[in-house]
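Q: First the structure, then my questions, so here it is.
Each reported figure results from applying straightforward, stated rules to the coordinates on display, with no laboratory input. Fair warning: this is a prediction, and the values are worked out from it, not measured in the lab. Cβ atoms come from the backbone with ideal geometry, glycine included; neighbour counts cover every protein chain shown.
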Amino acid sequence: MRIMLSSFRVSWRNITRHKKRFLFTLIAIVLGVSVMTGMLIAKSTFANIMDEQERIAAGNADFRIQGTKAFFSSNELEGLLDQDQVKEGLATLTKQGLADIETDSPEQATVKFTGLSDFQNGMIELPVKEGDVTEEGLIITENAAALWGKEVGDLVSFQNMGSLKITAIVNEGGILNSPKTMEAAQFRDFEAIVPLDILQEWSGMNRQITEYRFQAEEGLDQQALLTDYQNALAGTDLFVQPIVADTKAYNDVEGMYFVFDLIAILSIFISAFIAFNMINTSILERNNEIAIMKSLGYTGRNVIQLIFKEILFLASIGTVLGLGIGVWLGIVVQDVLISAIVTQNITYQVEILMPVIISAAVGIVFPFLAAAMPLYKAGKTPILEAMSGHSREITLANKFNLVRVILGVACTAVGLIDNVWAFLFLFIGLVLLFPLWMKLIQLVTGPMLRVLFGFLGKQAARSLKQFEKRNANTAAMLAIGVSLALFMSAALETLPEGMEKDIRATFGGDIIAEKETAWEDSEIDAIRNMEGIESADAYAEVPNVTWYSPSGELREFSILSFEDSSMFELIEVTDQTSDSPPIYIGDRALAEMGAAVGDVFTFHTPAGETDFFIKGVVQTAHYSGYAGFAEDAIVRESLNWPLNYHVAIDVADEESVPMALAGLRVNYGESIETIDLMELNIEQAKSGLSGMNDLMVGLLILVIAISAIGISNTLFMNTLERTKELGTMRALGFTKSQVRIMIIAEGLLIGITGVIAGTLYGILVIYLNSVSDQAPAFLDFSIPRSSLVIAVAGGIVFTLLASWIPSHSASQISIKEAINYE
């Protein structure tokens with residue numbers, strides 16, 4: 001036990017021998033682990049929020065029966081549902097109404113009612129805030145309660161309908177969502193649940209329902225059951241579909257998840273590289289010491305165990321501290337995400353356990369992986385060569401340099417492949433080839449610094465060659481941070497403009513209105529004759545069309561009808577023909593389907609199981625590309641969807657929008673379900689990206705800061721190994737300020753090299769993504785000047801700050817101690 005404790009003390013003394021170097025390496029690991037933890041927490045929490053909201057909205061039912069008309073009689077279901085197959089059923093009716101509240105305009109009082117046949121069903125989950133959701137009455141959301149000034153037990157009246165007591169208030173999410181503000185209520189309905197029989201009485205729709213959902217008995221073959229019901233409903237206005245919880249139609253967040261993963265990987269990679277520099281330098285400094293230990297009986301295994309404990313101290317302390325900060329960072333990032341993306345207040349639970357476990361494992365393991373080669377070299381240190389000061393390092397280094405260049409070229413070539421993850425190999429190639437880039441860049445920057453700093457600049461350039469690989473690796477880390485910052489900033493600055501362009505090109509009109517009943521030709525003509533209206537065209541949207549992904553998961557999207565291509569832009573189309581009806585698929589949906597243009601794909605539609613020929617892939621603002629498009633005739637004949645419930649309206653100018661909205665409300669207000677504005681979609685898209693932009697800039701500055709810590713640590717190691725040299729320079733007449741300037745010049749050379757290489761690689765990554773087939777079509781090649789200035793200035797400023805501390809320490813070295821230093 002004493003031997004073990006003594007061994008740990010020795011390891012602790014070794015790792016903390018140079019306290020500043022240890023401190024900066026520890027800070028780098030702490031920041032790397034904390035950024036990784038924060039990113040994983042934000043990603044896991046947001047993904048769970050999306051999945052949970054969709055799961056709640058889908059409920060616990062297995063199937064839903066709907067009609068091609070908005071409403072159908074519950075009598076049509078009699079004798080259809082076998083009680084031996086159906087465990088529980090629930091009928092619902094959706095209708096519009098107006099709350100009897102004081103508002104600036106009638107639009108702010110619109111309410112979307114969902115009538116339930118059974119309040120004690122097990123198929124719809126409501127996140128209760130107050131009251132009892134199993135008691136029949138009025139259920140509203142917390143947003144509605146706050147804006148209406150109501151509490152549980154209060155009576156709410158509805159125009160031309162009746163009054164009902166509030167029995168429960170629920171949190172936003174699932175099947176009920178209401179606007180946060182009265183301004184938002186101008187374009188969004190409040191949502192509420194009432195008993196089905198009361199809603200039928202209020203609306204004069206006896207026994208009429210919108211949907212019937214049910215659970216199948218356990219143990220039944222659900223695919224066979226679906227086929228049986230499809231056959232039973234064939235030739236009618238009713239159809240059956242499985243209920244699917246698919247978030248992709250409403251949340252295009254894969255790109256955000258990719259960015260979080262990228263930042264997490266790069267932050268831990270940079271911090272591990274800083275740890276590698278420290279451990280490698282520490283082992284080289286103690287080469288003679290290790291040889292003496294071996295001569296006294298230590299084996300290579302004993303030496304490795306001793307250094308292993310040193311790394312364990314560093315990794316454990318850094319990981320524990322990093323996890324604590326990372327949890328806080330994850331909560332902050334998650335709050336920013338929610339406020340930027342989600343349009344209503346929702347309750348959620350922060351996912352901490354798995355991100356912390358993963359980050360803890362990576363935080364402990366990565367320093368050991370980074371130190372694998374130095375550990376191996378320490379265990380194989382030849383006694384005589386180390387004690388005599390002779391070694392084969394130069395020969396081995398030359399061989400390693402050749403292998404490094406070959407691998408660097410190979411990784412760079414892989415990074416040019418059109419794949420969303422492939423460009424990570426560009427960064428690996430950047431690190432491997434950086435000694436070459438450093439020599440090339442310093443051929444240009446070296447003379448400028450010599451002009452700026454004179455003889456001190458010349459000395460700084462000479463000193464950098466003394467520790468060429470270490471300095472190159474450090475500059476490479478800064479280059480990665482700068483290139484990533486430039487790429488992300490460019491993407492986030494160009495995305496709003498690109499998304500606006502995409503929405504304007506593929507939205508289909510300035511206003512889209514959905515009605516409870518189908519639009520008649522006479523109504524469309526009346527809209528076209530309204531003042532300020534240029535055109536109005538009805539179209540169909542077939543909801544809940546289901547299909548299977550390559551992994552066997554059930555997915556669903558909507559298929560929209562079209563007469564022209566105003567709702568999408570063609571990306572690829574085939575000249576091939578097929579006996580199956582043609583369909584155009586959104587790019588995101590096609591990727592999820594694992595299909596290609598020219599394939600025949602099976603969908604479950606209101607007409608049953610139907611094969612479609614994928615005629616082309618399109619870019620569209622509708623459901624962010626997670627949708628299908630078919631010609632009007634195809635939708636009517638092959639999808640059994642004869643009616644159009646949507647109308648796309650173009651107005652003469654922006655001033656005509658309020659008049660058009662007023663006309664729609666006056667003439668069709670009681671039957672209109674939703675009104676969607678193109679300008680509102682653009683505003684929401686931009687506001688979400690604006691919040692994301694601030695978050696990403698902060699995170700990427702943090703990554704650059706971690707890289708700058710690496711520069712500080714490298715300069716500490718450089719000055720420590722040159723202690724005797726610095727003492728000699730002081731003895732020859734160098735002043736403290738000159739030593740300080742020389743060290744800062746060294747740091748500046750490293751920083752400028754990293755910034756220039758990072759900028760060039762950042763521009764390359766921007767270009768590769770702009771021409772990539774996997775990138776959004778609206779991501780254009782653009783180098784925003786502001787982002788370039790921030791990335792360059794941030795890299796240089798952080799470099800100067802990182803250089804100041806080691807330069808100050810170097811200038812304080814005593815001449816006598818420095819000359820006698822061994």
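Q: What net charge do the residues around Ile358 carry, taking every other residue with its C-beta under 12 Å from that of Ile358, with Lys and Arg at +1 and Asp and Glu at -1? Mind dumping the intermediate values first?
A: Numbers: positive: Lys43; negative: Asp261, Glu351.
Residues near Ile358 contribute -1 overall.
Q: Give the residues of segment 189-230 whose amide nitrogen is closer than 12 Å to a point set 7 Å from the Cα of Asn75 in the direction of its Cβ.
A: Residues 206-208 fall inside that zone.
Q: Loop-only GluC sites (Glu not before Pro) in segment 187-276, please: DSSP not H, G, I, E or B, and at most 12 other Cβ atoms within 10 Å.
A: In loop regions of segment 187-276 (DSSP not H, G, I, E or B), the sparsely surrounded GluC sites (Glu not before Pro) are Glu218.
Q: Can you give the calculated 222 nm mean residue ellipticity of the chain, where each DSSP H run of n ≥ 4 adds -39,500 (n - 2.57) and the sum is split over every residue, rounded to the nearest 500 deg cm²/dmol?
A: -19000 deg cm²/dmol
Q: Between segment 464-495 and segment 49-92, what is the C-alpha centre distance in whole Å?
A: The distance from the Cα centre of segment 464-495 to that of segment 49-92 comes to 55 Å.
Q: Take the Cβ-Cβ distance between Asn288 and Ser339 as r, set R0 to 41 Å, and report the resulting FRET efficiency rounded to the nearest 0.05.
A: With a Förster radius of 41 Å, E is 0.10.
Q: Okay, next question. Can you put Ile209, Ile274 in order of Cβ neighbours within 10 angstrom, beginning with the fewest?
A: In order of increasing Cβ crowding within 10 Å: Ile209, Ile274.
Q: Using a basic spin-label model with each label point 7 Å from the Cα along Cα→Cβ, how many nm lie between Asp118 and Asp197?
A: 1.5
Q: Which values of log₁₀ I(q)/I(0), to two decimal places, follow from the Debye formula for segment 63-242 at q = 0.17 Å⁻¹ with a uniform point scatterer at every Cα?
A: So the normalised log intensities are -1.06.
Q: So if each residue of separation counts as 0.36 nm, and I subtract the Cα-Cα distance between Ser782 and Lys439, what length gain in nm does that give?
A: Working: separation 343, 0.36 × 343 = 123.48 nm, distance 2.88 nm.
In short, 120.6 nm is gained.
Q: List Leu375, Leu554 from most exposed to least, where exposure is judged by having the fewest other Cβ atoms within 10 Å.
A: In order of increasing Cβ crowding within 10 Å: Leu554, Leu375.
Q: How many nm is it between the label spots at Ala731 and Ile701, if each spot is 7 Å from the Cα in line with the beta carbon?
A: 4.6
Q: How much length is gained on full extension from Asp154 to Glu217, taking 0.36 nm per residue of separation minus their Cα-Cα distance?
A: Values: separation 63, 0.36 × 63 = 22.68 nm, distance 3.94 nm.
Gain in length upon complete extension: 18.7 nm.
Q: Can you tally the net charge around Gln459? Count Lys and Arg as +1, Asp and Glu as -1, for every other residue whose Cβ sits under 12 Å from the Cβ of Gln459.
A: Neighbour charge sum, excluding Gln459 itself: +3.
Q: What is the order of Trp202, Trp519, Trp12, fewest Cβ neighbours within 10 Å to most? Show your work: numbers first, answer last.
A: Values: Trp202 18, Trp519 23, Trp12 13.
By the 10 Å Cβ count, ascending: Trp12, Trp202, Trp519.
Q: Given a cut-off of under 8 Å on Cα pairs at least six residues apart, what relative contact order in percent is computed for segment 63-242?
A: Rounded, it is 36 percent for segment 63-242.
Q: For the pair Val789 and Leu554, what calculated FRET efficiency results from E = 1/(1 + (r/R0)^6), where r is the Cβ-Cβ distance and R0 = 41 Å, to the nearest 0.05?
A: 0.25
Q: Can I ask one more? In percent, how large is the relative contact order of the chain, given Cα pairs closer than 8 Å and 6 or more residues apart?
A: 17
Q: Using the Karplus curve 6.51 cos²θ - 1.76 cosθ + 1.60 with θ = phi - 60°, work out ³J(HN,Hα) for each residue of segment 806-812 in order, rounded to whole Hz, and write x for Gly and Pro.
A: x, 5, 5, 5, 5, 6, 8
Q: Calculate the spin-label point distance for Glu534 paired with Glu679, positioning each point 7 Å from the Cα along the beta-carbon direction, and give it in nanometres.
A: 1.4
Q: Any idea what % of Cα-Cα pairs in segment 710-757 are farther than 11 Å? Intermediate values should be presented prior to the final figure.
A: On the way: 778 of 1128 pairs.
Summing the P(r) of segment 710-757 above 11 Å gives 69 percent of all pairs.
Q: Pairs Lys180/Lys501; Lys20/Lys377; Lys309/Lys724; Lys248/Lys515; Lys501/Lys686: which exceed 22 Å Cα-Cα?
A: Pairs exceeding 22 Å: Lys180/Lys501; Lys20/Lys377; Lys309/Lys724; Lys248/Lys515.
Q: Given a cut-off of under 8 Å on Cα pairs at least six residues apart, what relative contact order in percent is computed for segment 507-680?
A: Averaging sequence separation for qualifying contacts and normalising by length gives 39 percent for segment 507-680.
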